[in-house]
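Okay, so here's the structure we're looking at.
What follows is calculated from the coordinates using simple rules that are stated; it is not laboratory data. Only a predicted model underlies this, so the values are computations on that prediction, with no experimental measurement involved. Cβ atoms come from the backbone with ideal geometry, glycine included; neighbour counts cover every protein chain shown.
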Amino acid sequence: MIKVLHVSSECYPAAKAGGMGDVVGAVPIYLPKQGVEASVIIPKYGLPWFKSQKYQKVKDGGIHIGGLSLNYTVQKVKNNNLGYPLYVIDMPGLFDRPSIYLDTNGEGYHDEPVRNIAFQTIVCEWLLEQNVYDIVHCHDHMTGMIPFFLKYGTRYKPISDIPTMFTIHNGMYHGSFPWDIGMLLPKFDFAHRGILDWDGRLNSLATAIKCADKVNTVSPNYMEEIMQTPDSFRYLYMSEGHKCMGILNGVDTNLWNPKTDKYLDNKMEGDNLTGFKATNKKSLLSTYKLKSRRPLIGFIGRMAHQKGADLLAKAIEENLEVSKSFCAIILGSGDSYVENELSLLAEKYPGYVHTIIAYNESIARSLYAGCDYMIMPSRFEPCGLNQLFSYRYGTIPIASPVGGLVDTVIDIDNKKGTGILLNEVSQSGISEAISRSCELYQKKTKFNRLRRHIIDLDYSWDQSASIYASIYRQLLKL
């Protein structure tokens with residue numbers, strides 16, 4: 001068996017802020033069938049999940065970075081039901097906080113560079129001590145320095161031949177810091193200092209793209225988009241294009257199953273999709289006091305510019321002003337201005353809009369189960385998982401024509417259609433797509449046929465896991 005260590009700042013169900021958590025928590029489950037034994041290592045946060053677990057101490061140690069002396073413990077989660085070994089790094093003061101990334105003011109932690117570099121340094125120290133993994137697979141900029149540390153770190157020469165793979169879950173976040181942060185880095189061959197430098201700053205994402213042996217995005221179309229983006233990174237992607245590819249994310253079909261979903265009071269019985277949707281929709285309408293006999297549109301996600309949430313309030317209002325022909329439930333949190341806009345929308349249109357400012361897995365599952373549509377008006381989307389989760393519950397996606405959404409959503413104008421694509425990412429584009437969804441809802445035969453079609457779509461992790469395993473074998477020249 002090939003042994004792979006996934007290094008990440010998130011892993012569901014322990015710690016999740018976005019799609020990366022879902023991916024890191026799922027891929028290792030599907031890799032053993034491909035001849036790969038995968039483990040995961042993440043920081044130990046002060047989140048409820050971590051407090052409910054028991055741990056086995058694996059390693060005690062200390063590191064010195066930038067004049068700081070930091071003690072840590074590597075622990076293995078005991079008797080977990082995840083399906084793979086999960087390790088955590090306990091570093092009191094740096095990670096035992098109530099949020100993964102955000103301080104109480106909603107901003108990123110001020111010591112983010114110290115936290116990221118400390119975590120990555122400890123991972124390399126642990127690898128140096130045990131040296132049992134064939135490949136190190138890093139995820140997003142929070143782990144992007146590891147390929148550089150392993151290749152050029154003077155202390156890590158004994159493990160410098162371990163191949164590395166780097167997955168970009170969101171290329172918008174670079175992990176860019178001023179050069180005075182360089183004092184925190186482990187000692188490295190100074191001849192390679194230029195690899196760290198991007199426009200006069202340290203850049204974790206750029207460093208990973210340059211140093212990793214393989215680089216992938218989480219959908220093919222997103223890789224094409226970022227390679228064609230007219231910015232300074234375009235040349236980096238072009239020069240490293242020979243090792244870059246897009247691998248579409250999948251869904252853990254055991255976790256996302258309408259017949260067994262532990263969050264649902266009303267599970268699907270047999271193949272009774274119609275009854276399943278009707279029962280769960282009725283529950284949502286009753287709970288949130290919304291009008292009946294209308295299509296129900298859901299939104300689940302961060303209230304952020306990327307997700308197009310700032311366009312959503314005005315687009316919904318534009319439609320409701322013309323015709324109150326649908327209802328909407330909005331679940332998420334993020335930008336305070338967007339939160340306020342969507343909350344005010346619910347106050348202005350009681351019975352038609354309900355806004356929930358929170359991240360709540362149970363409510364999210366109820367929306368997947370009970371909504372007719374799930375809207376994703378993203379300005380860019382590396383893959384998107386909400387549309388894949390929606391398919392599993394017979395909920396039709398309304399999605400932007402970007403990134404992985406293009407790879408997974410086919411517009412209903414096509415005979416093989418699976419959802420509704422916006423003609424453009426704008427207020428008018430969202431408004432027009434909502435109108436199309438209301439029109440489709442009235443065509444009951446076509447609407448029900450589409451729901452039956454999408455619930456049978458196969459976006460399980462099996463195919464993607466086989467691609468990852470194939471790349472691992474290439475890296476090891478097997």
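Setting aside same-chain residues fewer than 8 positions from K416, which aspartates and glutamates have a Cα under 16 Å from its Cα?
Within the straight-line cut-off, K416 pairs with D407, D456, D458.
Within the set of other residues whose C-beta is less than 11 Å from the C-beta of K348, count the net charge using Lys and Arg as +1 and Asp and Glu as -1. Don't jump to the answer; show the numbers that get you there.
Values: positive: none; negative: E317, E321, E341, E347.
Result for the local shell: -4.
Under 24 Å from the Cα of K210, which lysines turn up, not counting those fewer than eight places away in the same chain?
Of all the lysines, those that pass the test against K210 - Cα under 24 Å, at least 8 places apart if same chain - are K3, K151, K157, K187, K243, K477.
Would you mind checking the tilt of helix 427-442 against the longest principal axis of the Cα atoms of the chain, expressed as 0 to 90 degrees and rounded to 10?
50 degrees
Could you put M165, M142 in order, starting from the residue whose Cβ has the fewest other Cβ atoms within 10 Å? All intermediate terms of the calculation are to be shown ahead of the outcome.
Details: M165 23, M142 27.
Listing M165, M142 from fewest to most nearby Cβ atoms yields M165, M142.
Quick one: which residues, 5 or more positions from M303 or on another chain, have an amide H under 5 Å from its amide H? H modelled 1.01 Å from N in the peptide plane, none for Pro or chain starts.
Residues meeting the amide H criterion: S333, G334, D335.
Of the peptides 31-38, 409-416, 300-307, 395-402, how do they stack up when ordered by the mean number of other Cβ atoms within 10 Å, highest first? Walk me through the numbers on the way to the answer.
On the way: 31-38: 18.4, 409-416: 13.6, 300-307: 20.8, 395-402: 25.1.
Ranked from most to least packed, the peptides come out as 395-402, 300-307, 31-38, 409-416.
May I ask you to sort S8, S160 by Cβ crowding, counting other Cβ atoms within 10 Å and putting the fewest first?
Ascending number of Cβ neighbours within 10 Å: S160, S8.
What whole-number distance in Å separates the alpha-carbon centres of the stretch 53-81 and the stretch 277-318?
That distance is 43 Å.
Taking 0.36 nm per intervening residue step and subtracting the Cα-Cα distance, what contour gain separates S160 from A304 on full extension?
Details: separation 144, 0.36 × 144 = 51.84 nm, distance 3.91 nm.
That works out to 47.9 nm of additional length.
What angle do you read, to the nearest 10 degrees and between 0 and 90, between the alpha-carbon axis of helix 361-370 and the longest principal axis of the chain?
40 degrees
How high is the FRET efficiency between D180 and K415 when r is their beta carbon distance and R₀ equals 51 Å, given to the nearest 0.05?
Working: r = 58 Å, r/R0 = 1.15.
Between D180 and K415 the formula returns 0.30.
So what J values fall out for the stretch 257-267 if you push phi through Karplus, 6.51 cos²θ - 1.76 cosθ + 1.60 with θ = phi - 60°, rounded to Hz, Gly and Pro as x?
Couplings: 9, x, 8, 10, 4, 5, 7, 9, 6, 10, 8 Hz.
Is the shape of the stretch 273-458 rounded, prolate or oblate, going by the alpha carbon gyration tensor and its root eigenvalues a ≥ b ≥ c, with a/c under 1.5 for rounded and a/b larger than b/c for prolate? Show your work: numbers first, answer last.
On the way: a/c = 1.36, a/b = 1.13, b/c = 1.20.
Rounded shape, in that the Cα axes give a/c under 1.5.
Quick check on my link table: of K291/K446; K267/K314; K44/K282; K51/K262, which ones sit more than 31 Å apart, alpha carbon to alpha carbon? Don't skip to the end; give the middle numbers.
Details: K291/K446 23 Å; K267/K314 34 Å; K44/K282 40 Å; K51/K262 21 Å.
Table pairs above 31 Å Cα-Cα are K267/K314; K44/K282.
Quick check on the stretch 74-130: take the gyration tensor over C-alpha atoms, sort the square-rooted eigenvalues as a ≥ b ≥ c, and tell me if it's rounded (a/c under 1.5), prolate or oblate.
Details: a/c = 2.89, a/b = 1.45, b/c = 1.99.
Oblate is the answer for the stretch 74-130, as a/c is 1.5 or above yet b/c matches or exceeds a/b.
Could you order peptides 343-355, 373-385 by the average number of other Cβ atoms within 10 Å of their residues, highest first?
On the way: 343-355: 17.1, 373-385: 25.8.
Per-residue mean Cβ counts within 10 Å order the peptides as 373-385, 343-355.
Angle between the Cα long axis of helix 19-30 and the longest principal axis of the chain, 0 to 90 degrees, nearest 10?
It is inclined by approximately 70 degrees.
Add -39500 (n - 2.57) for each DSSP H run of 4 or more in the chain, then divide by its residues: what number comes out at 222 nm, to the nearest 500 deg cm²/dmol?
Numbers: 16 runs with 173 residues, N = 478.
The helix-only estimate for the chain comes to -11000 deg cm²/dmol at 222 nm.
Quick check: from the Cα gyration tensor, does the stretch 140-219 come out rounded (a/c under 1.5), prolate or oblate? Numbers along the way, then the final one.
On the way: a/c = 2.17, a/b = 1.13, b/c = 1.91.
Oblate is the answer for the stretch 140-219, as a/c is 1.5 or above yet b/c matches or exceeds a/b.
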